[in-house]
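Heads up: the structure comes next, in structure tokens.
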Amino acid sequence: MKWKLLSLPILSAALIMGGCSSTDDKETEDSASESHMHTGTSEIPEDLELAANPKYIEGSQVTILADHMEGMDGAEGTVLSAYDTTAYEVSYTPVDGGEKVNNHKWVVQEEIKNAGDEKFAPGTEVTLEADHMEGMKGAEAVIDAAKETTVYIVDYTPTNGGKKVTDHKWLTEDELEARE
């Protein structure tokens, strides 16, 4: 009887401490994943023009050769639309308090506040109007690189078994390969 009474408080303390530990880990994982979550919105900037002669047309079956997100490289996808623009690689701190994002690919010309037709050089500070990642809209960013190209919106199924990603913005032609 003494053994049972002594072991109960010890067992209870171990369970409580173990429970706190796993809860704290879960909260840390959730907050980290939420800070860079893809929003999957199908909205595009009003002044973004469809590509005149895209390499991949709407409905094209492609393999993704980029690794912007976990499970993307090698994923099979479907092109939804294509646009001619300037694409920027940017670094920014999300407005929702998430960790700084370095070298995010891609934000297009039409997703930069008051951009007009002005092309931005690396090092230029801008305000993002893009909202395809949580915490992106309204964030202050620095242009890391720029290129005039055709960009694509693609639906794809991640290679890591994650759920289907819809309306992913943006992939460039050199980040896609035709699938037969």
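The values are calculated or read from the model by the stated rules, or taken from the named source; none is laboratory data. Nothing here was measured: the structure is a model prediction, and the numbers come from that model. Using ideal geometry, Cβ is built from the backbone for each residue, glycine included, and neighbour counts are taken over all protein chains shown. These accessible areas exclude ligands, DNA and RNA; they are computed on the full protein's heavy atoms, side chains included. Shrake-Rupley method; radii C 1.70, N 1.55, O 1.52, S 1.80 Å.
For Trp106, the amide hydrogen comes within under 5 Å of the amide hydrogens of Trp170, counting only partners 5 or more places away or on other chains and with H modelled in the peptide plane. When the pairs Lys55/Lys163; Lys119/Lys147; Lys100/Lys169 are compared against a 21 Å limit on Cα-Cα distance, Lys55/Lys163 fall above it. Accessible surface ranking for Asp73, Asp144, 1.4 angstrom probe, highest first: Asp73, Asp144. Sequence-ordered 3J(HN,Hα) estimates for the range 173-178 from the Karplus curve with 6.51, -1.76 and 1.60 and θ = phi - 60° stand at 4, 6, 9, 10, 9, 4 Hz, glycine and proline given as x.
Shown in residue order for the range 79-84 are the 3J(HN,Hα) couplings computed by the Karplus curve 6.51 cos²θ - 1.76 cosθ + 1.60 at θ = phi - 60°: 6, 9, 6, 9, 9, 8 Hz (x for Gly and Pro). Using θ = phi - 60° in the Karplus curve 6.51 cos²θ - 1.76 cosθ + 1.60, the 3J(HN,Hα) couplings for the range 95-103 round to 5, 8, x, x, 5, 4, 9, 9, 6 Hz; x is entered for Gly and Pro.
Within the range 122-165, the trypsin sites (Lys or Arg not before Pro) that combine a DSSP coil assignment with at most 16 other C-beta atoms in a 10 angstrom radius are Lys163, Lys164.
Over all projection directions, the Cα-based convex hull of the range 51-180 averages an area of 7.8 nm².
Between the C-alpha center of the range 70-94 and that of the range 156-177 there is a gap of 8 Å. The modelled label-to-label distance for the pair Lys164/Asn103, using points 7 Å beyond Cα in the direction of Cβ, is 3.2 nm.
Restricting the trypsin sites (Lys or Arg not before Pro) of the range 70-118 to loop positions (DSSP other than H, G, I, E, B) with no more than 13 neighbouring Cβ atoms within 10 Å leaves Lys100, Lys113.
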